Amino acid sequence: MINIAIEGFGIVREPGRSPHPVYYITVSQPAHAASWTVYRGLAAFRTLSDGLRELIPGLRPCPNPLPGSVQGMAGLTGSTVDNLTVQGLHGGAQQLQAWLQHARLFPAVEETSVYRAFCLDAANVP
């Protein structure tokens with residue numbers, strides 16, 4: 001079993017790209033006494049949601065955690081992110097965490113390659 005918890009968040013600002021939120025996620029395997037951190041932006045959550053929903057009927061889509069983005073996560077702009085407050089980002093992290101917990105209610109989730117990639121790819125690499 002893999003445990004997953006969103007522990008924090010920040011805004012990434014890179015030259016030539018719009019600012020975007022990133023979430024710091026602790027992943028652990030208690031049976032192996034192992035844990036690591038992965039850093040995921042909204043696109044990674046969207047990819048996870050889309051991939052899991054293709055495989056698991058009944059899984060609800062990942063929420064749009066950023067208020068003011070009427071087109072959902074695909075419609076984010078730099079100004080949308082710039083206007084967010086810490087409270088808004090914290091609320092978004094809570095929504096995403098609740099969705100991850102919902103997804104884990106489906107036993108097959110942890111066996112999918114898209115979930116494993118979300119939990120493992122670029123571990124401990126900010």
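The values are calculated or read from the model by the stated rules, or taken from the named source; none is laboratory data. Because the structure is a prediction, the values reported are computed rather than measured. Ideal geometry is used to build each Cβ from the backbone, glycine not excepted, and the neighbour counts take in all protein chains shown. Accessible surface areas use protein heavy atoms only, side chains included; no ligands, DNA or RNA. Shrake-Rupley method; radii C 1.70, N 1.55, O 1.52, S 1.80 Å.
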Worksheet entry | Enumeration of residues in segment 51-64 that are open to solvent by 60 Å² or more (accessible area, probe 1.4 Å) and either at pLDDT 95 or above or in contact with a helix residue (DSSP H, G or I) (Cβ under 9 Å, 6 or more places away or on another chain) (or both) | 53, 54, 55, 60, 61
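How many residues does segment 31-50 hold that are open to solvent by 60 Å² or more (accessible area, probe 1.4 Å), assigned to a strand (DSSP E or B) and of a type outside the set (Gly, Ala, Ser)?
Residues flagged as open to solvent by 60 Å² or more (accessible area, probe 1.4 Å), assigned to a strand (DSSP E or B) and of a type outside the set (Gly, Ala, Ser) within segment 31-50 amount to 1.
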Worksheet item: For segment 11-30, what are the residues that are of a type outside the set (Val, Ile, Thr), touching a residue at least 60 places away in the same chain (Cβ under 8 Å) and either open to solvent by less than 30 Å² (accessible area, probe 1.4 Å) or not in a loop (DSSP other than H, G, I, E, B) (or both)?
Response: 19, 20, 21, 23
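Quickly run through segment 1-10 and pick out the residues that are closer than 19 Å to residue 102 by Cα and open to solvent by 50 Å² or more (accessible area, probe 1.4 Å).
Residues of segment 1-10 closer than 19 Å to residue 102 by Cα: 1-7.
If the condition is that a residue be closer than 19 Å to residue 102 by Cα and open to solvent by 50 Å² or more (accessible area, probe 1.4 Å), then 1, 3, 7 are the ones that fit.
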Fill in: Failed criterion for residue 41 (all others in (1) at positive phi; (2) at pLDDT 85 or above; (3) of a type outside the set (A, V, I, L, M) hold)
(1)
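Tally up the residues in segment 100-126 that are within 16 Å of residue 8 (Cα to Cα) and touching a Ser or Thr at 6+ places or on another chain (Cβ under 8 Å), please. Full working, then the answer.
From segment 100-126, those within 16 Å of residue 8 (Cα to Cα) are 100, 119, 123-126; that's our starting set.
With the extra rule that they be touching a Ser or Thr at 6+ places or on another chain (Cβ under 8 Å), the set shrinks to 123-124.
Within segment 100-126, residues that are within 16 Å of residue 8 (Cα to Cα) and touching a Ser or Thr at 6+ places or on another chain (Cβ under 8 Å) number 2.
Select from segment 94-117 the residues that are open to solvent by less than 10 Å² (accessible area, probe 1.4 Å) and within 13 Å of residue 25 (Cα to Cα) and list them in ascending order. Quick ask: steps written out before the conclusion?
The first filter runs over segment 94-117 and keeps only residues open to solvent by less than 10 Å² (accessible area, probe 1.4 Å), leaving 96, 99-100, 103, 109, 115.
Listed by number, the residues that qualify are 96, 100.
Restricting to segment 39-64, what's the tally of residues that are closer than 19 Å to residue 102 by Cβ and in contact (Cβ under 8 Å) with a residue 40 or more places away in the chain? Quick ask: steps written out before the conclusion?
Our first condition is that a residue be closer than 19 Å to residue 102 by Cβ; within segment 39-64, this holds for 40, 42, 44-64.
Okay, now just the ones that are also in contact (Cβ under 8 Å) with a residue 40 or more places away in the chain, so 40, 44-45, 47-49, 51-52, 55-56, 58-60.
Matching residues across segment 39-64 total 13.
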